[in-house]
Amino acid sequence: MAPLISCVLSMQSPENSPVSSRIKNNIMIHTIQGDISIHLSAREDKYLTQYNGVVFNCEDTLKSAVNERNDLFQTGELDKFRLLNSDEHTNLLKMARQMNGSVGCVRFDKDKCILLGDFYKLNEKISSSTISRKVSIEYCTLSKQTDQYHAACHKMGAIYKVYSTKLTHMLHRVGVRHVVGRELWLAFRCGDYCLDSAFAHATNNIYTPLKLIMSELWLNSGYVVNMKSMLKQLEKDWTKEKDKPHECQSKENEVNEAFKEKKSQIETEIIFLNERRSVVLEESKQMKMEFLSKLIDCVTEKLNEQKVMRALKSKNWNMNTTFEHVTTHLNKFV
């Protein structure tokens, strides 16, 4: 594994330095390909780079990080290490039992190539010593490979977090307000983990017109629930406020007016949201009916409309994908 990035070098480097890492305002900034910056707090950076051995460089991309993780996973060494690690832990536990005790807080010393833990005598809560057992060379080798895989997973996660944030902002700019994490990952996977390709796939295949309408309905319902909760809480607060004695009538009138104004604002917002919901709901029904009509015109069998609607929902409201699925598996929808 490549050596860790030197924090001292990063601190001494100017802001426009070509190195891939620098510190600014107590935040470690790692720059990867495409001038994409990964901002980490001191704690996050220590956890990734020192504890997990993650190394960022200027050539990194989301695709390279995914490929690195997949290559390490496909070797099959992880399953071997899990089995071997389980056996070694069992052997250490057996050793402790033979010594009339038990073992806890088991850890691996890479330098000495031993597995060790805190030894507890039976009926004693305080550990009296440390117990250790030499492990095989294979265990040491597989342990290093497992650490490399975990480092690759952490690296991919840090890069994906930045990529997904950028994609979310790009989608917000074109009117996509409700973005789900699994849909972002699908967009990246189908877009070969490229930001621009993921955006193209998301706008063309995921956030289709019907999907946007259904997302707005979902958001609308959430907003209405929140507004009603706010109104209920406001009325509770008002009830408590009424029971408090006020110094003068003007103060009481001021409180009353403030309550009425706030209540009116919330009620107006609820009315607006409900009116908008009615409009959007009608639009969604119209689009669904048009989709059904188009589908019925292309088949000779009588379709079960409920099954078709369930398929449309399962396909994330993508009418093109649903159309192809229904016509291909027509026997399931008659």
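Here, each number is a calculation from the coordinates, and none is a lab measurement. This one's a predicted model, so the numbers in the text were calculated from it and none came from an experiment. Please note: Cβ atoms are built from the backbone with ideal geometry, for glycine as well, and neighbour counts cover all protein chains shown.
For the chain, what is the mean residue ellipticity at 222 nm derived from helices alone (per DSSP H run of n ≥ 4: -39500 (n - 2.57); sum divided by total residues; nearest 500 deg cm²/dmol)?
On the way: 11 runs with 202 residues, N = 334.
So the helix-based figure for the chain works out to -20500 deg cm²/dmol.
Among all the lysines, which ones have a C-alpha under 25 Å from K211's C-alpha, if same-chain residues fewer than 8 places away are not counted?
List returned: K161, K166, K285, K288, K294, K307, K313, K315, K332.
What would the Debye equation give as log₁₀ I(q)/I(0) for the chain at q = 0.07, 0.12, 0.13 Å⁻¹, counting only Cα atoms as equal point scatterers?
Values returned for q = 0.07, 0.12, 0.13 Å⁻¹ are -0.61, -1.02, -1.05.
Taking the Cα centre of the chain as origin, work out the dipole magnitude from +1 charges on Lys and Arg Cβ and -1 charges on Asp and Glu Cβ, in debye rounded to 20.
Values: 47 positive and 41 negative charges, 179 e Å.
Dipole size: approximately 860 debye.
Aspartates and glutamates within cross-link reach of K110: Cα-Cα under 15 Å, excluding same-chain residues under 8 positions apart?
In chain and number order, the partners are E88, E138, D147.
Want the number for N331 to Q306: 0.36 nm per residue separation, take away the alpha-carbon distance, what's left? Kindly include the intermediate steps, with their values, before the conclusion.
On the way: separation 25, 0.36 × 25 = 9.00 nm, distance 1.43 nm.
Stretched fully, the N331-Q306 segment lengthens by 7.6 nm.
Choose one of L122, M170, N256: the residue whose Cα lies farthest towards the positive end of the charge dipole of the chain (beta-carbon charges +1 Lys, Arg; -1 Asp, Glu; about the Cα centre).
The listed residue farthest towards the positive side: L122.
Work out the FRET efficiency for Q50 and Q233 from their Cβ-Cβ distance, taking R0 = 41 Å, and round it to the nearest 0.05. Intermediate values should be presented prior to the final figure.
Details: r = 46 Å, r/R0 = 1.11.
FRET efficiency, Q50 to Q233: 0.35.
Return the distance in nm (one decimal) between the two label points of a simple spin-label model at E261 and L122, each offset 7 Å from Cα along Cα→Cβ.
It works out to 7.7 nm between the two label points.
Considering the dipole of the chain built from charges on the beta carbon (Lys and Arg +1, Asp and Glu -1) around the Cα centre, which of T49, L231, S136 is farthest to its positive end?
S136
If Rh is defined by the Kirkwood formula over all Cα pairs and Rg also comes from Cα, what ratio Rg/Rh do you get for the stretch 34-157? List each step's numbers first, then the result.
On the way: Rg = 18.5 Å, Rh = 16.8 Å.
Across the stretch 34-157, the Cα-based Rg/Rh ratio is 1.10.
Along Cα→Cβ, 7 Å out, is where each label goes; now give me the distance between the ones at H169 and Q286 in nm to one decimal.
Going by the 7 Å Cα→Cβ label model, 3.6 nm.
Scan around I27 for amide H atoms under 5 Å from its own, H built in the peptide plane at 1.01 Å from N, and keep only partners 5 or more places away or cross-chain.
none
Anyone know which of T31, T49, T90 comes out most mobile in the 10 Å Cα GNM of the chain?
In the Gaussian network model the winner is T90.
If you take the square roots of the eigenvalues of the alpha-carbon gyration tensor of the stretch 77-146 and sort them as a ≥ b ≥ c, do you get rounded (a/c under 1.5), prolate (a/b over b/c) or oblate?
Working: a/c = 2.75, a/b = 2.12, b/c = 1.30.
Prolate is the answer for the stretch 77-146, as a/c is 1.5 or above and a/b outweighs b/c.
Can you give me the pair-distance distribution of the stretch 209-332, C-alpha pairs, 5 Å bins, whole percents?
Spelled out bin by bin, the stretch 209-332 gives 2, 9, 15, 13, 10, 9, 8, 7, 6, 6, 5, 4, 3, 2, 1, 0 percent.
If you build a Gaussian network model of the chain, linking Cα atoms that sit under 10 Å apart, which residue out of L273, L93, L219 swings the most?
Taking springs between Cα atoms under 10 Å, the residue moving most is L93.
Assuming a ≥ b ≥ c are the square roots of the Cα gyration tensor eigenvalues, decide whether the stretch 15-74 counts as rounded (a/c under 1.5), prolate (otherwise, with a/b larger than b/c) or oblate. Don't skip to the answer; put the middle values down first.
Details: a/c = 2.81, a/b = 1.41, b/c = 2.00.
It comes out oblate by the Cα gyration axes.
Considering only N316, N85, N52, give the residue with the highest GNM mean-square fluctuation for the chain, with springs between Cα atoms whenever their separation is below 10 Å.
Highest fluctuation among the options: N85.
If r is the Cβ-Cβ distance from K24 to C58 and R0 is 22 Å, what FRET efficiency results, to the nearest 0.05?
Working: r = 17 Å, r/R0 = 0.77.
The calculated FRET efficiency here is 0.80.
Take K112 and T203, extend 7 Å from each Cα along the Cα→Cβ direction, and tell me the distance between the two endpoints in nm.
6.0
Take the alpha-carbon centre of the stretch 220-236, take the same for the stretch 289-330, and report the distance between them in whole Å.
37
When only Cα pairs under 8 Å and 6 or more residues apart are kept, what is the percent relative contact order across the chain?
Numbers: 327 pairs, mean separation 37.5, N = 334.
RCO, the chain: 11 percent.
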